[in-house]
Amino acid sequence: MLTIDKEIIQKFDVAGPRYTSYPTAPEWTNALTKATYEDKLRIFGQSLTPLSLYVHIPFCRSLCYFCACNVLIRPNDEKYGDEYLGYLFKEMDLVAQSMGGRKKIKQMHWGGGTPTYLSEAQLERLFKKITASFDLDPRAEIAVEIDPRTIDRNKLEKLRSLGFNRVSMGIQDFDEAVQKEVNRIQPFEKVQAFYQWCRELGFRSINFDLIYGLPNQTPDQFASTVEKVIDLRPDRIALYSFAYVPWIKKQQRKLLFENLPTNSQKLDIFLQARRLFLEHGYEAIAMDHFALREDELARAFEQGHLYRNFMGYTVRPADEFVGLGLSSISFVEKTFIQNYKTIHEYYDSLKRNELPVERGKELTVDDQIRQWTIDRLMCRFEVKKREFKTEFGCEFDQYFAEEQSHIAYCLAEGLIETSHDYCRVTDFGKLFVRNICMGFDWYLRQGKTSRRFSQTV
Ligand SMILES: C[S@@+](CC[C@H](N)C(=O)[O-])C[C@H]1O[C@@H](n2cnc3c(N)ncnc32)[C@H](O)[C@@H]1O
Ligand code: SF4
C-alpha cells in the first residue's frame with residue numbers, strides 16, 4: 001500500500017476549496033441581481049442548449065452531526081412538503097416564463113436534504129409539474145438522492161414508474177459505533193434490502209456515498225465497511241473526505257474532536273479504502289470517486305470525457321444548469337446564481353413573485369480560463385496545452401506566467417509533470433489535487449477569499 005510520510009501530509013494539509021465551482025462560492029456577491037438572472041435565463045431560453053435541472057428538497061427527519069448540506073429538520077408531516085412545493089412550483093413558473101418557450105431536459109437530479117422526505121403523492125406532483133413546464137428527453141438521466149432510512153418498496157416503485165433511472169444513496173459508514181457518534185443509525189440489512197430493490201426495479205448507475213474522516217473511524221474499521229460495499233457492488237462510489245467546518249455548521253460541534261482521526265490516520269483510511277476498491281474491479285475516477293470498470297463513468301474518465309458540476313461527475317457536458325429550490329445553484333450564460341439559503345427569504349421573495357436570487361457571480365474572461373483549467377485538473381488530471389491554445393488563443397505558459405513559481409513548486413514536489421504538450425498530475429499528486437488547483441485560483445492568491453475552507457487532507 002502507498003504510504004506517505006507524516007511530514008509530507010503536514011505540508012499539504014492546508015485549508016482549501018473543493019472546487020465544485022470556480023470562482024468559489026465565497027467570491028459570489030449580492031451585486032448580482034434578480035434582473036441579471038432573468039436576463040441570463042432569457043438568453044439561455046433562446047439558445048439550443050438543453051437544460052440540466054437540479055431540484056433541491058431541503059428536508060430531513062433528523063440531523064446527521066457531520067452534515068454540511070443545506071438542510072431543514074422537520075418531523076414527518078406532509079404539511080411542510082406541501083408548503084414548500086407551492087413555492088417551488090411558483091419558482092418553476094418564473095424560471096420557465098423567463099426562458100420563454102419549453103426547454104428540453106437532458107439531465108435531472110433531485111438532491112437535498114432528502115428528496116424522499118416527500119410522500120409518494122408529493123413526489124408525483126413535483127414530477128408532473130416539471131414535465132408540464134419542460135420537455136423531458138426520453139433518454140434523459142434522471143437521478144435522485146435517497147436516504148435508505150426514508151424509503152420503502154412502494155416509494156421506490158413510484159420513483160421508478162415516474163421515470164427515475166438513477167439512484168444515489170447516503171451510506172457514510174456501516175459501523176455502529178460511528179453511526180451512533182454521528183446520529184445516523186442505519187442498519188446494513190436495510191441498505192441491503194433497498195439495494196436489492198433498486199436492482200430488481202432496473203435502476204442504473206447506483207451510487208453509494210461514503211465519508212472518511214468521521215469520528216471513531218480507523219483504517220481497519222472502515223475497511224470492513226468497504227468490504228460490505230464491495231460485496232453489494234454498486235456501480236459508483238463517492239468517497240468523500242469529511243469536510244469539518246464547525247465554524248459554519250454548528251451541528252459538527254457535537255462531534256468530539258478527540259474522536260476524529262488525525263490527518264495522517266485519515267489519509268491511511270482513504271488509501272486503504274482506495275486499494276480495496278481498485279483490487280475489486282473499481283477504477284478511481286478523478287479525485288474522490290470510484291466506478292466499476294464497465295460503468296460509463298469509468299470509460300468516460302479513461303477517454304477524457306468526464307465532466308463535473310454541483311450534481312457530481314457526469315459523462316455528458318452540463319455546461320449550463322438551472323437549480324430550483326432553497327439554496328440551489330444555477331450556472332447560466334457564464335454566470336453562477338444562488339438562491340436564498342433561509343426558508344423565509346426564499347418564501348418571501350416568491351410571495352412577491354420574484355426569482356429568489358441571493359447572490360452570484362458573472363465570470364470574467366480570466367475566471368473562465370481558470371475555471372476551465374481547474375476543471376481539467378480535477379476531472380482529467382491533465383491540461384493539454386494545445387487544447388488550451390485552441391480554446392483561448394494563447395499559450396498556457398504565457399498566460400500563467402505568474403503561476404510559474406507554483407508550477408515549479410508542484411514539479412519539485414512531484415505533484416505534476418510537464419512538457420511542451422501537457423501539465424499532468426502524477427499519481428502522488430492526485431491525492432493533493434486541490435493543492436495544485438489552489439495555485440491557479442486568482443482570488444485565493446490575492447487573499448480575497450475570507451471564509452475558511454475545510455482541510456485538503
Ligand atoms: C444530501 S446528502 C445525500 C442524501 C441523503 N440526505 C442522505 O444523507 O442519505 C449528500 C451527501 O453529502 C455527503 N456529506 C454531507 N456532509 C458532508 C461533510 N461534512 N463532508 C463530506 N461529505 C458530506 C454525504 O456523503 C451525503 O450522503
Ligand atoms: S447527511 Fe443527508 S440525511 Fe443526514 S442531515 Fe445531511 S442531508 Fe440530511
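Scan segment 133-157 for residues that are in contact (Cβ under 8 Å) with a residue 12 or more places away in the chain and within 30 Å of Gly101 (Cβ to Cβ) and jot them down.
Once the filter is applied, which keeps residues that are in contact (Cβ under 8 Å) with a residue 12 or more places away in the chain and within 30 Å of Gly101 (Cβ to Cβ), segment 133-157 yields Ser133, Phe134, Asp135, Leu136, Asp137, Arg139, Ala140, Glu141, Ile142, Ala143, Val144, Glu145.
With the requirement that a residue be of a type in the set (Ser, Thr, Tyr) and either loosely packed, with under 14 Cβ neighbours inside 10 Å or closer than 19 Å to Gln97 by Cβ (or both), what does segment 348-375 give you?
Ser349, Thr364
Got a sec? Which of Ile57, Ile73 is within 16 Å of ligand 1 (Cβ to nearest atom) and without any contact (Cβ under 8 Å) to a residue 24 or more places away in the chain?
Being within 16 Å of ligand 1 (Cβ to nearest atom) and without any contact (Cβ under 8 Å) to a residue 24 or more places away in the chain holds for just one of Ile57, Ile73, which is Ile73.
What number of residues within segment 66-79 satisfy the criterion of being more than 9 Å from ligand 2 (Cβ to nearest atom) and open to solvent by 50 Å² or more (accessible area, probe 1.4 Å)?
6
So which residues in segment 234-271 are outside any helix (DSSP H, G or I), within 15 Å of ligand 2 (Cβ to nearest atom) and basic (Lys, Arg), if there are any at all?
Lys249
Considering every residue within segment 395-412, establish whether at least one is open to solvent by less than 70 Å² (accessible area, probe 1.4 Å) and under 22 Å from the mean Cα position of the chain (by Cα).
No, that holds for no residue.
Does segment 72-93 contain at least one residue that is of a type outside the set (Ser, Thr, Tyr), under 30 Å from Cys437 (Cα atoms) and out of contact with any helix residue (DSSP H, G or I) (no Cβ under 6 Å at 6 or more places or on another chain)?
Within segment 72-93 (the criterion being of a type outside the set (Ser, Thr, Tyr), under 30 Å from Cys437 (Cα atoms) and out of contact with any helix residue (DSSP H, G or I) (no Cβ under 6 Å at 6 or more places or on another chain)), the answer is no, since none of the residues qualifies.
Name the residue, out of Phe164, Phe174, that is open to solvent by 10 Å² or more (accessible area, probe 1.4 Å), in the same structural domain as Met92 (by TED's automatic domain parsing) and part of a loop (DSSP other than H, G, I, E, B).
None of the other options fit; the residue is Phe174.
For every residue, the table says whether it meets (1) touching a residue at least 40 places away in the same chain (Cβ under 8 Å); (2) open to solvent by 20 Å² or more (accessible area, probe 1.4 Å); (3) in the same structural domain as Val178 (by TED's automatic domain parsing); (4) within 30 Å of Lys180 (Cα to Cα).
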{"residue": "Thr49", "(1), (2), (3), (4)": "yes, yes, yes, no"}
{"residue": "Cys64", "(1), (2), (3), (4)": "yes, no, yes, yes"}
{"residue": "Gln97", "(1), (2), (3), (4)": "no, yes, yes, no"}
{"residue": "Ile105", "(1), (2), (3), (4)": "yes, no, yes, no"}
{"residue": "Gly113", "(1), (2), (3), (4)": "yes, no, yes, yes"}
{"residue": "Thr131", "(1), (2), (3), (4)": "no, yes, yes, no"}
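Out of segment 177-196, which residues are away from ligand 2 (no atom under 16 Å from the Cβ) and open to solvent by 20 Å² or more (accessible area, probe 1.4 Å)?
If the condition is that a residue be away from ligand 2 (no atom under 16 Å from the Cβ) and open to solvent by 20 Å² or more (accessible area, probe 1.4 Å), then Ala177, Phe188, Glu189, Gln192, Ala193, Gln196 are the ones that fit.
Failed condition for Tyr117, given (1) within 16 Å of ligand 1 (Cβ to nearest atom); (2) open to solvent by 20 Å² or more (accessible area, probe 1.4 Å); (3) farther than 23 Å from Arg204 by Cβ; (4) touching a helix residue (DSSP H, G or I) at 6+ places or on another chain (Cβ under 9 Å), with all others met?
That leaves (2) as the condition not met.
I need the full set of residues from segment 197-229 which are assigned to a helix (DSSP H, G or I) and either open to solvent by less than 20 Å² (accessible area, probe 1.4 Å) or at pLDDT below 95 (or both), in order please.
Scanning segment 197-229 gives Cys198, Pro219, Asp220, Gln221, Phe222, Ala223, Thr225, Val226, Val229.
The values are calculated or read from the model by the stated rules, or taken from the named source; none is laboratory data. Please read all numbers here as calculations on a predicted model, not as lab measurements. Positions of Cβ are backbone-derived with ideal geometry, glycine not excepted, and every protein chain shown enters the neighbour counts. Areas reflect the complete protein model, heavy atoms only, side chains present, ligands, DNA and RNA absent. Shrake-Rupley method; radii C 1.70, N 1.55, O 1.52, S 1.80 Å.
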